[in-house]
Amino acid sequence: MTIQFACTMCGQCCHNLRLPLSIDEATAWLARGGTVQVFCETIPWPEEPPAHNLQAQHKRRRSFASTSAALPVRVIATIVAAFDGPCPNLDADMRCRIYDVRPRVCRIYPAESNPFIELAPANKACPPEAWSPDKPVFAVHGKLVDAQIAQVIDASRAADASDALLKDRLCAMLHIDTAALANEGFVIHSPARDDALRALQALAVHADGAVLPPDATQWRIVSNQHATVETLQSIGASGAHTSEFPTVPFEYLGFNAAT
Ligand code: SF4
Ligand code: SF4
């Protein structure tokens, strides 16, 4: 299938967002006065998947190994800049004030950086006229025509992988040890801006390929489903129901109604 596209500068993709950021991007975002959140999800990982399981290998690359009580897990910690309404960097004329240094996710849009998600115009914020047949060819059979965007996607995936181990440290430094079960939701941590910036700047000194020993944080897996908590506990994990934490300093964003 051929997809044709040209940006109309409508600015819709710069509103009401949760922008995933790499460690270097999050550091710059905070230094400019913004705030970030850390979205945490956990995957039970009792054994290594085979090399041909490409989805599992993708998850492995962007996560770090840890434990939840007796259960080996992998944790995906995504640093996110969240805002309602316009991005703090968006001008009234819909131009980005940090265009030359905007995050990779902004450079990639509307393409997908996840290799397992197919580009679907219906899922994008771009208006119908952006996809009209008179526009340049953007992708053919899932392959992007624009080599520059393809390069940014590669860089984004590489940053995801190289940041994973550093995020183990970041979570420990910010006392983050609670995550949702993957595919059920996220636990959202909102560290104070100064704390987050200090922790990220401390990590930056290790960002040039230094191998850090894994942190010994024990992860607690929170769910809004009683059946999930029972299953987690039955396989030796530290599982807890969201109702046990009415005043804890994190949010639970569940994909399903609580049971
Ligand atoms: S950083 Fe720039 S391109 Fe990215 S969402 Fe904000 S205004 Fe849009
Ligand atoms: S939503 Fe699409 S068309 Fe509108 S500014 Fe963003 S990329 Fe361009």
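Every number here is computed from the coordinates shown, using simple stated rules; none is lab data. Bear in mind the structure is a predicted one, so any value in this text is a computation, not a measurement. Heads up, the Cβs are rebuilt from the backbone with ideal geometry, glycines too, and the neighbour counts pull from every protein chain shown.
Tabulated data
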item: Placed amide H near residue 45: partners under 5 Å, 5+ positions off or other chain; result: 73, 74
item: Helix axis angle, 147-173 relative to the chain longest principal axis, alpha carbon, degrees; result: 20
item: Gyration tensor over alpha-carbon atoms, the chain, equivalent ellipsoid semi-axes in Å; result: 32, 21, 19
item: In sequence order, calculated HN-Hα J values of segment 232-244 (Karplus, 6.51, -1.76, 1.60; Hz; x Gly/Pro); result: 4, 5, 5, 9, x, 8, 8, x, 8, 8, 4, 5, 6
item: Lys, Arg +1 and Asp, Glu -1 on Cβ, resulting dipole of the chain about Cα centre, debye, nearest 20; result: 300
item: Förster-model FRET efficiency, 25 Å R0, residue 195 and residue 16, C-beta, rounded to 0.05; result: 0.45
item: Beta bridge orientation in segment 8-254: antiparallel %, DSSP, nearest 5; result: 75
item: Length added when fully stretched, residue 143-residue 51, from 0.36 nm per residue minus Cα-Cα; result: 30.8 nm
item: The chain, relative contact order in percent, only Cα pairs under 8 angstrom and at least six apart counted; result: 28
item: Theoretical FRET efficiency, 1/(1+(r/R0)^6), r = Cβ-Cβ of residue 218 and residue 134, R0 51 Å, to 0.05; result: 0.35
item: Those aspartates and glutamates that a straight Cα-Cα span of less than 20 Å connects to residue 124, excepting residues fewer than 8 apart in one chain; result: 84, 112, 134, 146
item: Additional length obtainable on full extension of the chain from residue 248 to residue 65, 0.36 nm per residue less Cα span; result: 63.4 nm
item: Phi to ³J(HN,Hα) by Karplus 6.51 cos²θ - 1.76 cosθ + 1.60 over segment 92-101, Hz, x for Gly, Pro; result: 4, 8, 6, 9, 7, 6, 10, 3, 5, 10
item: Residue 119/residue 258 FRET efficiency (R0 41 Å; Cβ-Cβ; nearest 0.05); result: 0.75
item: Under 5 Å, built H, 5+ apart or other chain: amide partners of residue 178; result: 220
